[in-house]
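The values are calculated or read from the model by the stated rules, or taken from the named source; none is laboratory data. Bear in mind the structure is a predicted one, so any value in this text is a computation, not a measurement. Here the Cβ positions follow ideal geometry from the backbone for every residue, glycine too, while neighbour counts run over all protein chains shown. When the accessible area is computed, the model is the full protein with side chains, heavy atoms only, and any ligands, DNA or RNA have been set aside. Shrake-Rupley method; radii C 1.70, N 1.55, O 1.52, S 1.80 Å.
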Number of protein chains: 2
Amino acid sequence: MDALGTHLLIELKECSSELLNDLDYVRDVVIAAANEAGATIVGHTFHKFDPIGVTGIVAIAESHIGIHTWPEFAYAAADIFSCSDTFEPHRAADLIIQRLQSGQPSITEIKRGFVASLATSAT
Amino acid sequence: MDALGTHLLIELKECSSELLNDLDYVRDVVIAAANEAGATIVGHTFHKFDPIGVTGIVAIAESHIGIHTWPEFAYAAADIFSCSDTFEPHRAADLIIQRLQSGQPSITEIKRGFVASLATSAT
C-alpha cells in the first residue's frame with residue numbers, strides 16, 4: 001500500500017541567529033528551495049515577530065513548506081509536505097539546512113495517508 | 001528540558017468527500033478552528049486543485065495550520081504547529097475532525113525544538 005504524501009520534519013539547530021531573524025532572507029531561502037526542488041508555488045505568507053522570530057508558509061501545488069524560527073536559540077523548525085513524484089522534498093530540505101547554516105540538522109520522514117482504497121482506486 | 005513547539009499530525013480518514021472538495025467550506029473550517037482554539041491569524045492561502053482537492057495553510061502568531069485533501073479517497077492530512085501556551089492545538093484538531101466528519105481520525109503529537117540552551121536561557 002502506497003502513501004499519498006511524504007511529510008518531512010526538519011530540526012535546524014545551531015543556525016545563524018542573524019539569518020533566522022532576517023525576514024527577507026528566510027523568505028528567499030524557502031521560496032528558492034521550493035523552486036529548485038521542483039515545486040510550483042501557489043501562495044505564501046511570511047511574518048516577522050516582535051521582538052524576534054520569523055514564521056513563513058509556502059503553499060505549493062505539491063502541498064506545503066513551513067518554517068518557524070527562534071533566533072534566540074539559533075533554532076528553526078521546518079516541515080515539508082509533498083504529494084508529488086516530481087517535487088523532491090529532501091532536496092528542498094537540504095537547501096534550507098545549508099542556507100540557514102545549521103550545524104546540527106536532523107530530518108524525520110513520515111509517510112501520510114495510507115488509505116485502504118488506494119491500491120484499487122489508483123490508476 | 002522543555003520543547004519550543006508542539007506539532008500535531010492529523011490523519012482524517014472516512015471524511016465527507018463532498019466537504020473535502022469544497023474550498024469555501026474547508027477554509028471556513030480551518031479558520032474557525034484556529035479562532036475557536038485561541039489562535040491569532042496573521043495570513044492564509046487556500047487553493048482548489050483541478051480536478052479535485054483543496055490545499056490550505058493558515059499562518060498564525062502561534063505557528064501554523066495546514067490541510068491537504070484527497071476527496072477521491074475521503075482523506076485529508078492536516079498538521080498544526082503550536083508554540084504558545086494560550087493556543088490549544090488539540091482543540092483545533094478536534095474541531096477540524098468533527099467538521100470534516102472524519103469517521104476514522106488519528107492524531108500524532110510530536111514535540112519540536114529541544115534546544116540545549118532553553119533551560120538556562122528561558123525566563
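With a requirement of 3 or more residues that are within 11 Å of chain B (Cβ to nearest Cβ) and buried (at least 18 other Cβ atoms within 10 Å of the Cβ), the strands (runs of 3 or more DSSP E) lying completely within segment A:40-114 that satisfy it span A:41-48, A:54-60, A:63-70, A:75-82. Number of residues in segment A:1-39 that are open to solvent by less than 20 Å² (accessible area, probe 1.4 Å), within 13 Å of chain B (Cβ to nearest Cβ), over 21 Å from B:I65 (Cβ atoms) and in a helix (DSSP H, G or I) equals 1.
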